[in-house]
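Let me begin by presenting the structure, written as structure tokens, before commenting on it.
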Amino acid sequence: MKFYVRTYGCQMNVADSNEMGRHLKANGLVETQDPEEASVFLVNTCTVRQHAEDRAFSEIGRLRHWKTKRPGRKIVVTGCAAERTREYLEDRFPFLDLVVGAKSIEDFSQMAAQLLDRRETDEELDYAVPSADDRISAFVTIMRGCNYSCTYCIVPSVRGREIYHSMEQILGEVRDRVAEGAREITLLGQTVNSYRHGSYRFAELLEGVANVDGVDRVRFISPHPYYMSDRVIETMAEVPEICESLHLPVQSGSNKMLRQMMRNYTREQYVSLIEKMRKAMPGMTLSTDIIVGFPGETEADFRLTLSLIEEARFDWGFIFKYSPREGTPAASLECLPQELIEERHRECLELLDRVALEKRSKLVGTTPEVLVEEDNFGRTRTNHKVHITGNVAPGEQVRVRITNAQRATLQGVIENGNITFENFREEDSRARTGAG
Ligand code: SF4
């Protein structure tokens, strides 16, 4: 029996889909990339923006026809929109077999087992294999929920307050992913660096994961600037497996807007934080999230965001047009005109792209190490995506000469054939200590 997963939204949702996929595989199902082959169709929804929710709902509507084409087919809807609109979903789409909200993802295994016990199919069971996107570079969720109350954000109400997995559980999952072939582990949480469990804090967890045999790279998303402590920065700088790249959402360059968004830091604190990190990790890359058009954003506030992009020299980022979400504190505020939001979005994106391309162009001629994730595609330690010319297979690590820099990716050719991780480690530690 086969299952197909459609995921909307953020990396947390991708990780949740992978986790639910593993539970389905544990029940004997095999993942397919073709919905027509599937007996179970899982839609993992997102509610952060109305657009994502609308797309998921139209997909669910179309599944009525998919379901009736073969008897015994099941439709499972999960995630944040399922949490927020469960009654509406069950009412509008009575053909759904299971609706699991984001707060109940941890119970998915049990619910899925019950669902599959009701199956009326006699298709043969195959062996489960890890999905490609979770093989070389795997996500491991370390916590769920968020204790913050950013005024634009629906996450705290659909995912609840923070719950942390134990260090033991996380390290066990990391070992499982490595056993399946993962070389790179990305730790996930809504405010991933606020992690705490017993006496362990995030820095200890990073060290623990980096020490697992077979883990060659460690990353994490998304950290909150407030929890980016000196201890975490030191750990990133000192532990060779932790990659020198960070996605650190800033949201606005105006202190007035940051206050209204309830972000709990100022522009000055953010800038001094990134200066500290760049001093500890020269060459690190920094990306961010920015919201334009938040209610009350004046032209002067917007100019402050543009000046922050120039000052921070982000390597890439995501610019979001503000849209109100029902149930958030900001939803009751008066929105700016849509044309103005569009215009600011365009201007902000152009500037960010220009800064990013300037920085990326300087990489032409350099020879970073690239971990290959798919045929001829991989990423550097600094998280640049690279298309590689040459014969390489997923899981290999190669030194690549960068020949071209484009808007979102780099291109390069293999420099000296393939090199082992051990060689890279030696070179890395020489570079970090300045020896040799
Ligand atoms: S930190 Fe703010 S933006 Fe991030 S998930 Fe929590 S409430 Fe939402």
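On the basis of being closer than 16 Å to Tyr4 by Cβ and β-branched (Val, Ile, Thr), does Val99 make the cut?
No; evaluated as a whole, the condition is false for this residue.
Can you say whether Arg267 is basic (Lys, Arg) and out of contact with any Cys (no Cβ under 7 Å at 6 or more places or on another chain), as far as the supplied structure shows?
Taking the combined requirement at face value, the residue satisfies it.
So, in the stretch 271-286, of the ones that are of a type outside the set (A, V, I, L, M, F, W, C) and surrounded by fewer than 20 Cβ atoms within 10 Å (Cβ to Cβ), which residue ends up farthest from Val239 (Cα to Cα)?
Ser272
If the requirement is being open to solvent by less than 70 Å² (accessible area, probe 1.4 Å), outside the structural domain of Leu410 (by TED's automatic domain parsing) and not in a strand (DSSP E or B), which of these qualifies: Phe302, Phe320?
Numbers: Phe320 fails: not in a strand (DSSP E or B).
That would be Phe302, the only listed residue that is open to solvent by less than 70 Å² (accessible area, probe 1.4 Å), outside the structural domain of Leu410 (by TED's automatic domain parsing) and not in a strand (DSSP E or B).
Give me the pairs, please: first residue somewhere in the stretch 136-153 and more than 6 Å from the ligand (Cβ to nearest atom), second residue anywhere and of a type in the set (Gly, Ala, Ser) and part of a loop (DSSP other than H, G, I, E, B), beta-carbon distance under 6 Å, and either six or more positions apart or on two chains.
That search, which allows pairs on different chains as well, returns Ile136/Gly395; Ala138/Ala182; Ile142/Gly189; Met143/Gly189; Gly145/Gly160.
Residue-wise test of (1) outside the structural domain of Ile170 (by TED's automatic domain parsing); (2) away from the ligand (no atom under 14 Å from the Cβ); (3) touching an Asp or Glu at 6+ places or on another chain (Cβ under 8 Å).
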{"site": "Ala182", "(1), (2), (3)": "no, yes, yes"}
{"site": "Ser194", "(1), (2), (3)": "no, no, yes"}
{"site": "His197", "(1), (2), (3)": "no, yes, no"}
{"site": "Asp216", "(1), (2), (3)": "no, yes, yes"}
{"site": "Ile233", "(1), (2), (3)": "no, yes, no"}
{"site": "Ser272", "(1), (2), (3)": "yes, yes, no"}
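Is it the case, given these coordinates, that Val76 is touching a strand residue (DSSP E or B) at 6+ places or on another chain (Cβ under 7 Å), in the same structural domain as Tyr8 (by TED's automatic domain parsing) and not acidic (Asp, Glu)? Outline the logic, then answer.
Values: touching a strand residue (DSSP E or B) at 6+ places or on another chain (Cβ under 7 Å): yes; in the same structural domain as Tyr8 (by TED's automatic domain parsing): yes; not acidic (Asp, Glu): yes.
For Val76, the condition - touching a strand residue (DSSP E or B) at 6+ places or on another chain (Cβ under 7 Å), in the same structural domain as Tyr8 (by TED's automatic domain parsing) and not acidic (Asp, Glu) - is met.
Quick one: would you say Arg177 is out of contact with any helix residue (DSSP H, G or I) (no Cβ under 6 Å at 6 or more places or on another chain) and buried (at least 23 other Cβ atoms within 10 Å of the Cβ)?
Working: out of contact with any helix residue (DSSP H, G or I) (no Cβ under 6 Å at 6 or more places or on another chain): yes; buried (at least 23 other Cβ atoms within 10 Å of the Cβ): yes.
It is true that Arg177 is out of contact with any helix residue (DSSP H, G or I) (no Cβ under 6 Å at 6 or more places or on another chain) and buried (at least 23 other Cβ atoms within 10 Å of the Cβ).
Condition first: of a type in the set (Gly, Ala, Ser) and touching a strand residue (DSSP E or B) at 6+ places or on another chain (Cβ under 6 Å). Now tell me which residues in the stretch 79-117 satisfy that.
Matches in the stretch 79-117: Gly79, Ala81, Ala82, Ala102.
Show the residue pairs that are 6+ apart or on different chains and have beta-carbon atoms under 8 Å apart, the first residue being within the stretch 26-55 and on the phi < 0 side of the Ramachandran plot, the second being open to solvent by 60 Å² or more (accessible area, probe 1.4 Å) and among the polar types (S, T, N, Q).
Nothing qualifies.
Can you name the residue in the stretch 243-270 that is crowded, with 21+ Cβ neighbours inside 10 Å and of a type in the set (Ser, Thr, Tyr) and, of all such residues, is nearest to the ligand (Cβ to nearest atom)?
Ser252
Checking the structure you have, find out if any residue of the stretch 344-354 is open to solvent by 40 Å² or more (accessible area, probe 1.4 Å), part of a strand (DSSP E or B) and not β-branched (Val, Ile, Thr).
Let us first name the residues in the stretch 344-354 that are open to solvent by 40 Å² or more (accessible area, probe 1.4 Å), namely 346-347, 349-350, 353-354.
With part of a strand (DSSP E or B) added as a condition, the list becomes none.
Scanning the stretch 344-354, I find no residue that is open to solvent by 40 Å² or more (accessible area, probe 1.4 Å), part of a strand (DSSP E or B) and not β-branched (Val, Ile, Thr), so the answer is no.
Anything in the stretch 238-268 that is over 16 Å from the mean Cα position of the chain (by Cα) and more than 21 Å from Ile319 (Cα to Cα)? List them, or say none.
Selection gives Glu238, Val239, Pro240, Glu241, Ile242, Glu244.
Any residue in the stretch 244-257 that is part of a strand (DSSP E or B) sitting within a Cβ distance under 8 Å of a residue that is open to solvent by 30 Å² or more (accessible area, probe 1.4 Å) and within 16 Å of the ligand (Cβ to nearest atom)? List the pairs, counting only those 6 or more apart or interchain.
Hits for this filter: His247/Ile221; His247/Ser222.
What's the number of the only condition in (1) surrounded by 21 or more Cβ atoms within 10 Å (Cβ to Cβ); (2) within 16 Å of the ligand (Cβ to nearest atom); (3) within 19 Å of the chain's Cα centre (by Cα) that Ser222 fails to meet?
Of (1) surrounded by 21 or more Cβ atoms within 10 Å (Cβ to Cβ); (2) within 16 Å of the ligand (Cβ to nearest atom); (3) within 19 Å of the chain's Cα centre (by Cα), only one is false for Ser222: (1).
The values are calculated or read from the model by the stated rules, or taken from the named source; none is laboratory data. Since the structure is predicted, the reported quantities are computational estimates derived from the model, not experimental observations. Virtual Cβ from ideal backbone geometry, glycine too; neighbours counted across all protein chains shown. Surface areas here come from the heavy atoms of the whole protein model, side chains and all, with no ligands, DNA or RNA. Shrake-Rupley method; radii C 1.70, N 1.55, O 1.52, S 1.80 Å.
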